[in-house]
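Structure, as structure tokens:
The values are calculated or read from the model by the stated rules, or taken from the named source; none is laboratory data. Since we're looking at a predicted model, the values are computed, not measured. Reconstructed Cβ throughout: ideal geometry from the backbone, glycine too, with neighbour counts over all protein chains shown. Note: areas computed on protein heavy atoms with side chains; ligands, DNA, RNA excluded. Shrake-Rupley method; radii C 1.70, N 1.55, O 1.52, S 1.80 Å.
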Amino acid sequence: TQTVSQSDAHVTVFEGDSVELRCNYSYGGSIYLSWYIQHHGRGLQFLLKYYSGNPVVQGVNGFKAEFSKSDSSFHLRKASVHWSDSAVYFCAVSAPGGNNKLTFGQGTVLSVIP
Amino acid sequence: EAAVTQSPRNKVTVTGGNVTLSCRQTNSHNYMYWYRQDTGHGLRLIHYSYGAGNLQIGDVPDGYKATRTTQEDFFLLLELASPSQTSLYFCASSDAGTGEDTQYFGPGTRLLVL
């Protein structure tokens, strides 16, 4: 059984700052990792995914994430945030051949102060 | 981009009431999912399906039934609603195949059980 942990419930930064949202997972085998964003009052939207190969994955709107097997992590980063990046961010894991079932972390609320 | 719609968007019922939440996706995805979202818990999988007539048990299935009538339509049934089922419900769909686990979410249904 895979689990995923997002250690920060809330992160607050100023517009133009860089940000890192942390995600750690536990699973004994191969794993897929992804990030989703949820703006207020909306459904979740896919941001990016690590499947294999290059551990640094580029997503939309300047987001990127880096997979680390040694640290069991998949942290999301952005170099310069905009106020519109304020949202809840979810990390998710799934197992290959696992009927596409995702396990989500509890989410991190990102607040960007203009 | 996949289109997933949900109805109703808001629903109020009383304890013991009968509720059906509807979900439709128009991209011919094989998999469909029902989640509930509660503060402090992230998204939790209730039921999912990989095709018409199929139903798989998720992580928090108690008190819920589901039915996949067609490739497009997936319903969540609460036959004896309880206040603990007050929540925000999301439907999602995804394609089949290795690495194709990106899920596309509907806008959500907010359910209040009095």
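Listed values, structure above:
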item: Dipole of chain B [Lys/Arg +1, Asp/Glu -1 at C-beta], most positive-end residue of B:Gly53, B:Ser93, B:Trp34; result: B:Trp34
item: Distance (nanometres) between label positions extended 7 Å along Cα→Cβ at B:Arg44 and B:Ser82; result: 1.1
item: Largest-first ordering by accessible area, 1.4 Å probe, given options B:His47, A:His75, A:His82; result: A:His82, A:His75, B:His47
item: Over chain B, equivalent-ellipsoid semi-axes from the Cα gyration tensor in Å; result: 23, 14, 13
item: Fluctuation leader among B:Leu80, B:Leu21, B:Leu88 - chain B, Gaussian network, Cα springs under 10 angstrom; result: B:Leu80
item: Surface share of carbon and sulfur [accessible, 1.4 angstrom probe, percent] for the protein assembly as shown; result: 49
item: Cα Rg, Dmax (largest Cα-Cα span) when computed across the range A:3-113, Å; result: 13.3, 41
item: Check: the range A:31-114 dipole with +1 on Lys, Arg Cβ and -1 on Asp, Glu Cβ, in debye; result: 100
item: Estimated FRET transfer efficiency when R0 is 35 angstrom, pair A:Ala9-A:Gln58 (beta carbons, to 0.05); result: 0.85
item: Mean projected area (nm²) of the alpha-carbon convex hull when the protein assembly as shown is viewed from all directions; result: 12.1
item: Net +/- balance of residues flanking B:Ser93 in space, Cβ distance below 10 Å, scoring K and R +1, D and E -1; result: -1
item: Dipole magnitude (debye, nearest 20) for the protein assembly as shown, charges at Cβ of Lys, Arg, Asp, Glu; result: 280
item: Shape of the range B:1-48, Cα gyration tensor, a/c cut at 1.5; result: oblate
item: Extension reserve of the A:Glu20-A:Ser72 stretch, reckoned as 0.36 nm per residue once the Cα distance is removed; result: 17.2 nm
item: Dipole magnitude of chain B about its Cα centre (Cβ charges: Lys, Arg +1; Asp, Glu -1), debye to nearest 20; result: 400
item: Proximal lysines relative to A:Lys49, as straight alpha-carbon distance under 21 Å, when same-chain residues fewer than 8 apart are discounted; result: A:Lys64, A:Lys69, A:Lys78, A:Lys101
item: Euclidean distance between Cα centres, the range B:39-114 to the range A:1-72, Å; result: 23
item: B:Val12 long-range amide H proximity, modeled H, under 5 Å; result: B:Leu112
